[in-house]
Structures are given as C-alpha cells and as structure tokens.
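Novice: Would you mind keeping the following structure in view while I ask a few things?
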Amino acid sequence: MEAEAADGPPGGIEGTLSCFSFNQDCTSLAIGTKAGYKLFSLSSVERLDQVHGSNEIPDVYIVERLFSSSLVVVVSRTKPRQMNVYHFKKGTEICNYSYSSNILSIRLNRQRLLVCLEESIYIHNIKDMKLLKTILDVPANPTGLCALSINHSNSYVAYPGSLTTGEIVLYDGHSLKTVCTIAAHEGTLAAVTFNASGSKLASASEKGTVIRVFSVPDGQKLYEFRRGMKRYVTISSLVFSMDSQFLCASSNTETVHIFKLEHLTNSRPEEPSTWSGYMGKMFMAASNYLPAQVSDMMNQDRAFATGRLNFSGQRNICTLSTIQKLPRLLVASLDGNLYIYNLDPQDGGECVLIKTHRLLGSGTTEENKENDLRPSLPQSYAATVARPSSSSASTVPGYSEDGGALRGEVIPEHEFATGPVCLDDENEFPPIILCRGSQKGKAKQS
C-alpha cells in the first residue's frame, strides 16, 4: 500500500515527506522525500532501523520495495514518466523504462511488475522486465488505483472498470486474460486490495461508509462491513493482515477501523440460549420487513477494533503486522510519524498507542509507554514465521564486482526467493536482465 502526499509539511528539503509505502509482507517501510528515499526495518517496536537511504534521485513520489530484498522501484517528479529499478545494496541501477504519460502507481510481486498510468496498465515479467501486456481499455483512473496479489502463483490484478460505478475488473496476471467483473459498489471506487493468498478482494467506494470483501476468482460477496454512518470519508488505505483474519481501513478521520473476518459456515445457527440472544434473533427477523437499505445496514458488521489518531485530515496509510510476536497496528502519516499500536486479537476494542517514531531526521517520541514484556496473549494471528539469518555474499551471481548486472545474463534461478524473505538477506530477488536506458516496449493490446 502506497500513499502520495500532495503537500508536505513546512521545513527543509529533508523535512518534506512526499510518499510512503509498506512492502508486501509488512516488514519494511519506504518513504520518499524531496531529497530522495529511505527504507526502514519494522522488526522492533522500540527501534526504527534505517536499512538504506539515497539522495541520488531527488523528489521521489513513488518508492516500492520487493519484500525484504535489495530491489527497489523509484519514480521521481523530475522524470514522472520514467520508472527506475535499483539494487540498493550494490548502489546500481538495474534498468529504467519510460512511458507515454505520468506514472501514477507501481505494484510488484515475485513474478509481475505493474505500472499504472491514467488510462492504461503495463504488465512486466519481473524476471527479465519484458513487457507482457498493456491493458488499454481502462476508464480514466487519475489516482492510479489498482491492486496486485502478492501471491506470485496467481498474480491477480484488480482495477476500476467504470467511471461512474464501483465496478472492479479482475484480471489474471499469468494468463493475461480478464477473469470477471464485480459490481462492488454503487459509487466509484476509492480503495481495492487483495489478501496475501490472493483468494479474497476487499474494496471501498468514495463514500467510505461500506467495505465489502469478495471471493477470488468467482467474485462472490463474502463480507460486508460498515465503517460509519454519520459522514462520508476518504479512504486512505485498505489492507488485510497476513493471515487474512483482519481487515484494516484508515481514512481522513481520526479513527482507524479494524474488522474481523469470522469463519463463514453454511450450517444452521444454534438457537440462542439467552434473553439478549432471542431479542437479537427477533430483531434480525424483523429486518426482513424493513426497506432494503435499512435492512442492509442492520446486517452489516461493525469494527472489531479501532485505533485513535491525534489528528485528522492528513494523508496516512495503515497495516497490520506481527512485531516481536505480538500483533500491531502501524500507521504512517504525512505528519512525518510512524505510530505503533497494540492490537488485542481476542477481544478487540481500542488499540493502545505504544510508540511514535519520527520518519524524518532522528529521534523517537513516546506518546504512551507500556511494558512490552507483558505475557503474550493466546492468539493465532500472532503466529510468526521463523526467519533464519543468512549472510550476504560479497558478490551476487550474475553480477559484476561493482554490483551491475552482466549484460545479457540472467541472475540464476536459485537467487529467486519464493518463500519468506529474511530482512538480513538483501540479495534475494528475482533474476533480472540488465536493460539500461529508457525503453518503450511494444504493447500487446487487450
């Protein structure tokens, strides 16, 4: 998930935040500034470790890191039509591509790289950066709204299918064919995202009041959540937890909403055993006789947990991640801060702010101190994947000693990581042929 900041806070060149994005498995945060870009590790609550920083390309408004590898994609306002792919550990440019109009967003997984323009989407094979397809029948998409499944075994793509309604086009990034269209909302789309396996797709409209979750690839509605009723909002980000148990939404308000995706069942519900249970059943039965709009509102689930921000109206992005074996809510904001909250995966409720990190300059501010050494809560969400440490080689196979790819050679397949990538193993990324200089691939029309 990436957000571009329209206007930065006052200050020097380093004090202007242009964009921010979490990587695909929420283990890293990338920020773009007037001076360049920075990458941070999200392995600790107390520390925000900078993995890399570069001032070689100024005025960065898009920066995307491929999982925890050394591959990073950068776009600068000085050349908004050019995409630059770097091996940041070696300090070399792998390739760059130029397009017919400004680049609005970039999405990538271990098989595909998407470049979204206002009226077209380019699909590249990330192993050699070959242009596989150009989707040209895209309605005007001025925000570059699109999503790519991070599961490279399916590589589903989702993008708006209408200018006036919330229609979603589901596209297969492997077979390069349209799968289906989903009538998700009455109003135009504001957010769309896949879960980690690519089996679910969540969306929100410009009203921002209702969030829906659909099955992939058949497009059947699975869940419907109500974010609010009092006012329309602008959804800033929408993201699943890595285990798909939770869905998080942030907006231009001071509240971040977390919804819980309960297991669906086709079995007959048990008879209620309490007075409140009977009343609830009667209330739901009565909803069948109410107008459809009222009935829908009564059947929509509310937030399982919330996070309170000390600001509103500022661009921000959120994610759910397991840090030090506990589930956390992370919010990066245009005010230049990263906020970390504790999330109770059993009871929900209000998330507790435990740390605030400055993304620009140095220093950490503690807004609310809490003992992180408390006993771990029983939870399935906090299950962590063991990340064995591995030492980085001095030279990467397929690269010259200066880190540049040997012309015409492909990085060996064993360098292509298909499992979880360790934060300290920064050489694991797909094999890419060097393609120096601006290039324009011949587009295959859809």
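The values are calculated or read from the model by the stated rules, or taken from the named source; none is laboratory data. Quick caveat: nothing in here was measured; it's all calculated off a predicted structure. Heads up, the Cβs are rebuilt from the backbone with ideal geometry, glycines too, and the neighbour counts pull from every protein chain shown. To get the accessible areas, we keep the full protein, side chains included, count just its heavy atoms, and leave off ligands, DNA and RNA. Shrake-Rupley method; radii C 1.70, N 1.55, O 1.52, S 1.80 Å.
Novice: Is it the case, given these coordinates, that R358 is at pLDDT 50 or above and of a type outside the set (G, A, S)?
Specialist: Working: at pLDDT 50 or above: yes; of a type outside the set (G, A, S): yes.
When the stated conditions are applied, R358 passes them.
Novice: Name the residues in segment 169-188 that are open to solvent by less than 20 Å² (accessible area, probe 1.4 Å) and over 28 Å from T234 (Cα atoms), would you?
Specialist: Within segment 169-188, G173 is the sole residue that qualifies.
Novice: For segment 176-196, what are the residues that are more than 21 Å from I123 (Cβ to Cβ) and of a type in the set (S, T, Y)?
Specialist: T188
Novice: Of the conditions (1) open to solvent by 20 Å² or more (accessible area, probe 1.4 Å); (2) without any contact (Cβ under 8 Å) to a residue 60 or more places away in the chain; (3) more than 20 Å from R107 (Cα to Cα), S197 fails just one. Which one is it?
Specialist: Just one mismatch for S197, condition (3).
Novice: Then there is this: Return the residues of segment 333-354 that are open to solvent by less than 10 Å² (accessible area, probe 1.4 Å), under 20 Å from Q314 (Cβ atoms) and touching a Pro at 6+ places or on another chain (Cβ under 7 Å); say none if nothing qualifies.
Specialist: Passing the criteria: only G336.
Novice: Return the pairs, sorted by first residue and then second, in which the second residue is exposed (fewer than 15 other Cβ atoms within 10 Å of the Cβ) and not in a strand (DSSP E or B), the first residue lies in segment 124-151 and is of a type in the set (S, T, Y), the beta carbons are less than 9 Å apart, and the residues are 6+ apart or on different chains.
Specialist: From segment 124-151, the pairs are T134/K442; T134/K444.
Novice: Just to be sure, is L330 of a type in the set (A, V, I, L, M) and open to solvent by 20 Å² or more (accessible area, probe 1.4 Å)?
Specialist: On the way: of a type in the set (A, V, I, L, M): yes; open to solvent by 20 Å² or more (accessible area, probe 1.4 Å): no.
Against the criterion (of a type in the set (A, V, I, L, M) and open to solvent by 20 Å² or more (accessible area, probe 1.4 Å)), L330 does not qualify.
Novice: Can you give me the number of residues within segment 329-350 that are closer than 17 Å to F240 by Cβ and either out of contact with any strand residue (DSSP E or B) (no Cβ under 7 Å at 6 or more places or on another chain) or not in a strand (DSSP E or B) (or both)?
Specialist: Total meeting the criteria: 3.
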